[in-house]
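Notes follow once the structure below has been shown.
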Amino acid sequence: MNENYINSGNNMDKKPTYDQLRNRVQALENQLQKKNYMESEERYRPDDDCIEDGIVLQTSTGKIQAWNKGAEQIFSMSLDMICIADINTLTFLKVNPAFTEILGFSEKELLKNPFTDFIHPDDIDSTISVVKQKLQAGAKVVNFNNRYRCKDGSYRWLSWVSHPKPQKGITYAVARDITLAKQTEEKLRQNEKKYKNLFDASNDGICLHEIIYSGVTPVDYKILDINPKYEELTGIQKNDAIGATATCLYKTDEAPYLDIYSNVAWTGEFTSFETYFKPMDKHFIISVFSPEKHQFATVFQDITERKKFEAQIQQAQKMEAIGNLAGGIAHDFNNMLGIITGNISYALSQLNSNEEIYDVLVDVQKGTKQAQNLTQQLLTFSKGGEPIKKVVQFNRIIKEAADFIIRGSKSKCDFILANNLWTIEADPGQLNQVISNLIINANQAMSGGGTITIRTENTEINTKNIMSLPAGLYIQVSIED
């Protein structure tokens, strides 16, 4: 029988006891654990700019073995979401309480599945791309945004800062919940879209400007943006307007309304005014406000047609006033003419027709009747009524008007009047006035006297005529001097 002995000096001992072997195995395990501890510490020691004063120990399989006090405080106290992730297996190795609080999942639920299971489907490809192209290559990632699913099914926007250790196959990452900021951004985007739609579809011209200063003195302003209605109302194209100064664009020595606009841009006080803009020969009503310091926006309407209409109304009101005045005068004058015609008729009744004064009074009586017709026209005008029409013989009206106008002048009238001239329905007073004016003009054109030839004839006009008159039967009158 052979026996193994251990030589210790001069003594020959028997083989170790069970307790001695157990203690020696424990000592060897402690040495191995210490060695693994040192290797793990070296592998997973964080960069100074990632987790200051914090150490995380992991086994070779990636399991978190121990935290030092600094790392534990950072993980547990941070309001941001902090994690250690395996960039090869795309799994979380450790997450802090903020992770579970914000997403609603337990740490166990987050660690057992790839983190891509929690990412919004639309963001998975971009996330994997960042991991492979940047993190696995050792590049730090700042402000990468994606959406993570919460346990209730909703999604939160996260903004990531990652510090990879590709030689160790891990990354240290901090995520901040930016959901509120994204929602605000989306609202702003929607508001901007609404503003843009309103800006483009507005029936008012809109223009955004910025004041140009020389020192602290406003000297001009430039156009920043215009809407389509501005182009329509001004005739200025967008490419010509944007970036141009007012003096250059409108071809003026001074920027139009600079004192008003600069005050609004400086104080932010809203104002509006009506103006006639001479460079465009148009009337505008302009509202002005300041969206931000040193800028102002104008919202304007072209009121040129309205101004013309207002002018027409004013003219109509003036004519109404003149009509009222003319009506009053005509009424009084007609009363006086009634007295005159009455006395002339009485005088004629007392005279023989062969007396010289008799013919004079007859002429006066005719003139008075024409005056009465004129006052009747004034009364019709003052009342805004229609002409007083009756069936008349036009030849008789022409001859009476011509004889009255020519009496006492150097000119004479030659009448070539159709015997079978049609009767017409018209206002005899107005006809007399027209013929009288034509004969007066003809007489005045011949200062030395002459012959005025007056012709009348019946005529029929078809649909095609140079005067664009309706087809029908007409009386044609020509007066030649």
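The values are calculated or read from the model by the stated rules, or taken from the named source; none is laboratory data. Because the structure is predicted, anything quoted here is derived from the model rather than measured. Cβ placement follows ideal geometry from the backbone for every residue including glycine, while neighbour counts extend to all protein chains displayed.
Things worth noting here:
- Matching residues in segment 182-240 - criterion: being over 16 Å from Tyr261 (Cβ atoms), touching a residue at least 24 places away in the same chain (Cβ under 8 Å) and not in a loop (DSSP other than H, G, I, E, B): Lys182, Phe199, Asp200, Pro228, Lys229, Glu232, Leu233, Thr234
- Some residue of segment 175-189 being small (Gly, Ala, Ser) and in contact with a Ser or Thr (Cβ under 7 Å, 6 or more places away or on another chain): yes
- Qualifying position, being more than 20 Å from Val264 (Cα to Cα) and not aliphatic (A, V, I, L, M), among Pro218, Pro228: Pro228
- Taking (1) in contact with an Asp or Glu (Cβ under 7 Å, 6 or more places away or on another chain); (2) among the small types (Gly, Ala, Ser); (3) within 17 Å of Gln377 (Cβ to Cβ) in turn, Gly429 satisfies each apart from (1).
- The one condition in (1) surrounded by 11 or more Cβ atoms within 10 Å (Cβ to Cβ); (2) not assigned by TED's automatic domain parsing to the domain that holds Ala265 that Gln190 fails to fulfil: (1)
- Meets criteria (surrounded by 11 or more Cβ atoms within 10 Å (Cβ to Cβ), more than 30 Å from Leu249 (Cα to Cα) and in contact with a Cys (Cβ under 6 Å, 6 or more places away or on another chain)) for Tyr155: no
- Failed item in (1) farther than 22 Å from Leu374 by Cα; (2) exposed (fewer than 10 other Cβ atoms within 10 Å of the Cβ), with Glu425 passing the rest: (1)
- Within segment 292-333, the set of residues being among the β-branched types (Val, Ile, Thr) and within 30 Å of Trp266 (Cβ to Cβ) comprises Thr298, Val299, Ile303.
- Whichever residue in segment 241-266 is more than 20 Å from the chain's Cα centre (by Cα) and not in a helix (DSSP H, G or I) and, among such residues, is farthest from Phe300 (Cα to Cα): Asp253
- Consider segment 99-126 and keep the residues that are assigned to a loop (DSSP other than H, G, I, E, B) and without any contact (Cβ under 8 Å) to a residue 24 or more places away in the chain. The one that is nearest to Asp80 (Cα to Cα) is Ser106.
- Selection over segment 443-467 of residues that are buried (at least 16 other Cβ atoms within 10 Å of the Cβ) and either among the β-branched types (Val, Ile, Thr) or within 60 Å of the chain's Cα centre (by Cα) (or both) gives a count of 3.
- Of all the residues in segment 88-98, those that are surrounded by fewer than 22 Cβ atoms within 10 Å (Cβ to Cβ) and either part of a helix (DSSP H, G or I) or in contact (Cβ under 8 Å) with a residue 24 or more places away in the chain (or both) number 7.
- Some residue of segment 267-277 being among the polar types (S, T, N, Q) and over 22 Å from the mean Cα position of the chain (by Cα): yes
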